[in-house]
Amino acid sequence: MYAYDNYDQAMVDARVAEFRDQTRRRLDGSLSEEKFRPLRLQNGLYLQLHAYMLRVAVPYGTLSGAQMRVLGDIADKYDRGYGHFTTRQNIQYNWIQLKDAPDILADLAKVEMHAIQTSGNCIRNISSDQYAGATADEIIDPRPYAELLRQWSSFHPEFLHLPRKFKICVIAAETDRAAMRLHDIGIRIVRNDAGEIGCAFYVGGGMGRTPMIAPLINAFVPLDHLITYSEACLRVYNRHGRRDNKYKARIKILVHELGAEEYTRQVEEEFAHLQTQGLEPPLAELARIATHFADPAFETGLPDEIDLTNPQFAKWVKTNTATHKAPGYAIATISLKPIGGIPGDASADQIRLMADLSRDYSFDESRVTHAQNIVLPHVRKQDLYALWQKLEAAGLATANLDDITDIIACPGLDYCSLANARSIPVAQKIAERFAANDRATLLGELKLKISGCINACGHHHAGHIGILGVDRKGTENYQLLLGGSEGADTSLAQITGPGFDEDGIVEAIDRATNLYLAERAPDERFLDTYRRLGMAPFKAAIYSKEPA
Amino acid sequence: MKIITGNDLATGAVVWWTGTEWSPHVDDAADTHDAAPIIAAEEAARRVNGAYAIDASQTPEGIRPAHIKDRVRALGGPTVRLDLSLKPADPAAANWVL
């Protein structure tokens, strides 16, 4: 894992001191809310429905045991005993008091964490593959490059006041587990025909009210031009992005309106200019960063066999573990989606337990996923049963990764001041409905995602089944979408038709999944069947007047 | 009726204007038709943040904000964690929001 050097620590400590002074001045009246608001937002402090909410950055989703432990302690000490892991691989606290915020940032700084650039029109937390450094299907560990981008984008003076927020994702695996093409810039590290490693740049993706899949604008940028090319992409956006209309200000609108070809032409022109400016950090710096991400000391000669005589454990192994690059190891996902629970929430005790488990079983490392789960990236297969027993005892062993009960849900109207409808109760009802009789297992992989408003924090556009909560004359209403995907086969879900109330949306999903079960070909996922059959039969089933 | 709500500046807690001070309970809210000077004075005094006036109605069960968002705020916590709300002992409290 990356460890701060003196510069990193000094920057974060200075920011804590600045914010402590700003908060003091706000509370004594020296600063108005108008002046203070952008300052608190630059430190991740929002005012939500019930209280202040603090969003803490988890760079590319990676946490040490000590960091995870402090996240649990903050939940107890300053919040109401829990935290919420988000679809941006971050964590949010929902009940923060303004007077405590500087102390929280100071606690975070002690473990090399902060909340800087988790809000505002700047480059946000860099996201990445939760299996980075552990999976066999990547060509290189993407995290050193994500870290380089983090350092470049932190306090970058040119990009702190962009037309809108800006999200970058870096992956290096064949399988996209990070919704890469639904970011403002998606970078896939690739190998060319000559065997050289470089970056494929996808620019202009995103969800929100105008979802778009990022087009490929350059199939191969040499790795030693990563920062310069990123800077060129940002510069063209910063120059031409719409600042007159918030709803047209994201880079996806610029790329769409200019056309990918013209946007690319301008980026290449800017890139040619920037190459004369010596912007790229020396390769020695990248090499220095990469040393922090060297493989842990994997043992050799470990057994690959796992005793699967316990059926519940066997199901968890089948569902929640993935192939590791090192023999005798597995990648284990801790589901934060207990049936009937709140997606992404974890109690302070659970967070501290996950810290202990990462220390004891995963080289002191864990990852936050965009699907609001936690990954232990390096677990010896011979330790899986002991790990599972401890997770089971803490309510963290739900075996539902990527099934219909592993629901991504934004906080919705239960917490969020932007939301139009509640997301969490809908997620709970769906999970309870499909967990009954283990119907979720029968359905197989089925990614269901719920957003409580058009801003799409719950990624509904990318759900095999998506749900969008809207305000219909003062009451909650839910639109159903089908056919989205955030993976290698990225697609945007389409609305089925008129919306439903809370019970109606659960019934509609029941009907859609019944059709899938009746029509699926061997080995077809829900998404595959939808793509083969198209919307029409699903729509007919969903809106049928016949009893289900 | 018109009532005023906001968040306590220091704690962020949801509060309602009673006519003389701020209360965490919506039922304490006063019918207030000239909200602007009150909001300006209270924000200037740093007692509240982000205050705004809303429509509400007086019902047999108490004061009911017109919009669901403000009813969620009046509950004092999420409908899915009533233990964190102002009515932790009422299992049906979420129904009032809907």
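Quick notes
- Over chain A, relative contact order from alpha-carbon pairs under 8 Å, at least 6 apart, %: 13 percent
- Order of A:V111, B:V14, A:V203 - criterion: other Cβ atoms within 10 Å of each residue's Cβ, fewest first: A:V111, B:V14, A:V203
- Ellipsoid semi-axes for region B:2-97, based on the Cα gyration tensor and the rule √(5λ), read 23, 15, 10 Å when sorted largest first.
- Relative contact order (%) - criterion: Cα under 8 Å, at least six apart; region: region A:311-393: 32 percent
- Neighbour-count ranking [beta-carbon atoms within 10 angstrom, fewest first] of A:K429, A:K167, A:K252, A:K449: A:K429, A:K167, A:K252, A:K449
- Whole-Hz couplings from phi, Karplus 6.51/-1.76/1.60, listed for region A:317-327; x for Gly and Pro: 4, 5, 8, 10, 10, 10, 5, 9, 6, 9, x
- Each of A:H370, B:H25 was scored by other Cβ atoms within 10 Å of its Cβ. Listed from fewest to most, they are B:H25, A:H370.
- Look at the stretch B:71-80: the mean tally of other chain Cβ atoms within 10 Å of its residues' Cβ atoms is 6.
- Think of it this way: in chain A, A:C122, A:C169, A:C199, A:C233, A:C416, A:C453 stand alone, with no other Cys Cβ under 4.7 Å.
- Computing FRET efficiency as 1/(1 + (r/R0)^6) for B:T59 and A:A393, where r is the C-beta to C-beta distance and R0 is 56 Å, gives about 0.75.
- Those residues of region A:501-517 whose amide nitrogen sits under 19 Å from the label point placed on A:E546, 7 Å along Cα→Cβ: A:507-517
- Both radii are taken from the alpha-carbon atoms of the protein assembly as shown; with Rh as the Kirkwood radius, Rg/Rh is 0.96.
- Net charge contributed by nearby residues that have their C-beta within less than 9 Å of A:G204 (K/R +1, D/E -1): +1
- By DSSP, the beta bridges lying fully in region A:408-542 are antiparallel in about 65 percent of cases.
- A:H156-A:R532 FRET efficiency (beta carbon distance; Förster radius 45 Å; 0.05 resolution): 0.45
- For A:W152, the shell of other residues with beta-carbons less than 12 Å away shows a net charge of -4, using +1 for Lys and Arg and -1 for Asp and Glu.
- When region A:311-393 is reduced to its Cα atoms, the Kirkwood hydrodynamic radius in Å: 12.9 Å
- Average beta-carbon neighbours from other chains, 10 Å sphere, peptide A:87-99: 2
- Cα centre as origin, Lys/Arg/Asp/Glu Cβ charges: chain A dipole, Debye: 1720 debye
- Extended-chain gain in nm, criterion 0.36 nm per residue less alpha-carbon gap, A:E432 and A:L517: 28.7 nm
- Summed side-chain charge close to A:N90 - residues other than A:N90 whose Cβ falls under 10 Å, Lys, Arg +1, Asp, Glu -1: +3
- Remark: mean inter-chain Cβ contacts per residue of A:41-49 equal 2, using a 10 Å Cβ-Cβ cutoff to other protein chain atoms.
- Value of relative contact order over region A:408-542, rounded to a whole percent, pairs C-alpha under 8 Å and six or more apart: 19 percent
Where a number appears in this text, it was derived from the coordinates with a stated rule and is not lab data. The shown structure was predicted, so the numbers you read here are calculated from the model rather than taken from an experiment. Counting neighbours? That spans all protein chains shown, and the Cβs are built from the backbone with ideal geometry, glycine included.
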